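Beneath this line is the structure, given in structure tokens, with notes to follow.
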Amino acid sequence: MISLLLVVFGFQLLIHLVNTVGASTINELLWQIYTKLPTPQSQQAASNLSLRGEVVKLNREMTNTSAQDDFAKWAKLRRQHDKKKDEYDKNAANIQSFRTNFDRAVKLLRWLGTTGARFLLQMYFAKQPLFWLPQGWVPYQVEWLLSFPKAPLGSISVQLWWIACTSVIAMVSEAVVALWTLETGKVVMGENKGEPVKMGSGGSKEGKKEL
């Protein structure tokens, strides 16, 4: 069952990478790819970008035009600006509505492809021994725990192997992050990402005593 061992390890590694990258980053990347394809939303995005440029241009011209000195020109620019702004707002609202549904669909597919698939694999191979322990190597209670929930007694179940893979990948990931942080001198993950690592002072200075 070497292939199943590797499948479980590789699958958990994929889940760890997805969780490390983050849902928002993945959603944004897939959205950027989707809007590059020949879809109605890509056309709306391009139109929205063009409308935004026109709104900014008209707003700049309207700002540079005096309403007192040249009211007719200013009023014309104002009507054009309001019209384009209304078109831009409606188009942006449609895109945002679709983006919300897009993120929900990506979230569902991500769950089905990671957590959902993991549950299915664990259920399907629940009775399948991944490998066997030497007879009498560990006490009965430990054998029962390692084969939990449905694998034959004396074997390693897929659930326990998955837990082991999860722990090893997490520890190796933390070690890599720590080494990279020490090498670069910057925080790699978390709220302080990119900031320099703050090192504590090596010792305290003793004040001089006056005689």
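The values are calculated or read from the model by the stated rules, or taken from the named source; none is laboratory data. Fair warning: this is a prediction, and the values are worked out from it, not measured in the lab. Positions of Cβ are generated from backbone atoms using ideal geometry, with glycine treated the same way; all protein chains shown enter the neighbour counts. Each accessible area value is taken on the protein alone, full model and side chains, heavy atoms only, with ligands, DNA and RNA left out. Shrake-Rupley method; radii C 1.70, N 1.55, O 1.52, S 1.80 Å.
Checked against the criteria, residue 93 counts as part of a helix (DSSP H, G or I), exposed (fewer than 12 other Cβ atoms within 10 Å of the Cβ) and not basic (Lys, Arg). Contact annotation: residue pairs with Cβ atoms under 6 Å, 6 or more positions apart or on different chains, pairing a residue in the range 65-94 that is over 20 Å from residue 45 (Cα atoms) with a partner that is open to solvent by 70 Å² or more (accessible area, probe 1.4 Å) and assigned to a helix (DSSP H, G or I), are 65/73; 77/61.
Does any residue of the range 2-11 turn out to be more than 30 Å from residue 169 (Cβ to Cβ) and among the aromatic types (Phe, Trp, Tyr)?
No; the residues of the range 2-11 include none that is more than 30 Å from residue 169 (Cβ to Cβ) and among the aromatic types (Phe, Trp, Tyr).
Can you give me the number of residues within the range 74-119 that are small (Gly, Ala, Ser) and under 17 Å from the mean Cα position of the chain (by Cα)?
2
Under the condition of being open to solvent by less than 70 Å² (accessible area, probe 1.4 Å) and at pLDDT below 90, which residue from the range 1-17 is farthest from residue 124 (Cα to Cα)? Per the stated criteria, the residue is 5. Of the listed requirements (1) under 30 Å from residue 32 (Cβ atoms); (2) of a type in the set (S, T, N, Q); (3) not in a helix (DSSP H, G or I), residue 50 misses just one: (3). For the subset of the range 145-172 comprising residues that are assigned to a helix (DSSP H, G or I) and at pLDDT below 90, which member is nearest to residue 133 (Cα to Cα)? If we take residues in the range 145-172 being assigned to a helix (DSSP H, G or I) and at pLDDT below 90, then 146 is nearest to residue 133 (Cα to Cα). Check off (1) under 30 Å from residue 7 (Cβ atoms); (2) loosely packed, with under 12 Cβ neighbours inside 10 Å for residue 63 and give me the number that stays unchecked. The one condition residue 63 does not meet is (1). From the list 99, 110, pick out the single residue that is among the basic types (Lys, Arg), open to solvent by less than 80 Å² (accessible area, probe 1.4 Å), under 30 Å from residue 53 (Cα atoms) and modelled with pLDDT of 90 or more. None of the other options fit; the residue is 99.
Screening residue 54 with (1) surrounded by fewer than 14 Cβ atoms within 10 Å (Cβ to Cβ); (2) under 30 Å from residue 99 (Cα atoms); (3) acidic (Asp, Glu) gives one miss only, at (1).
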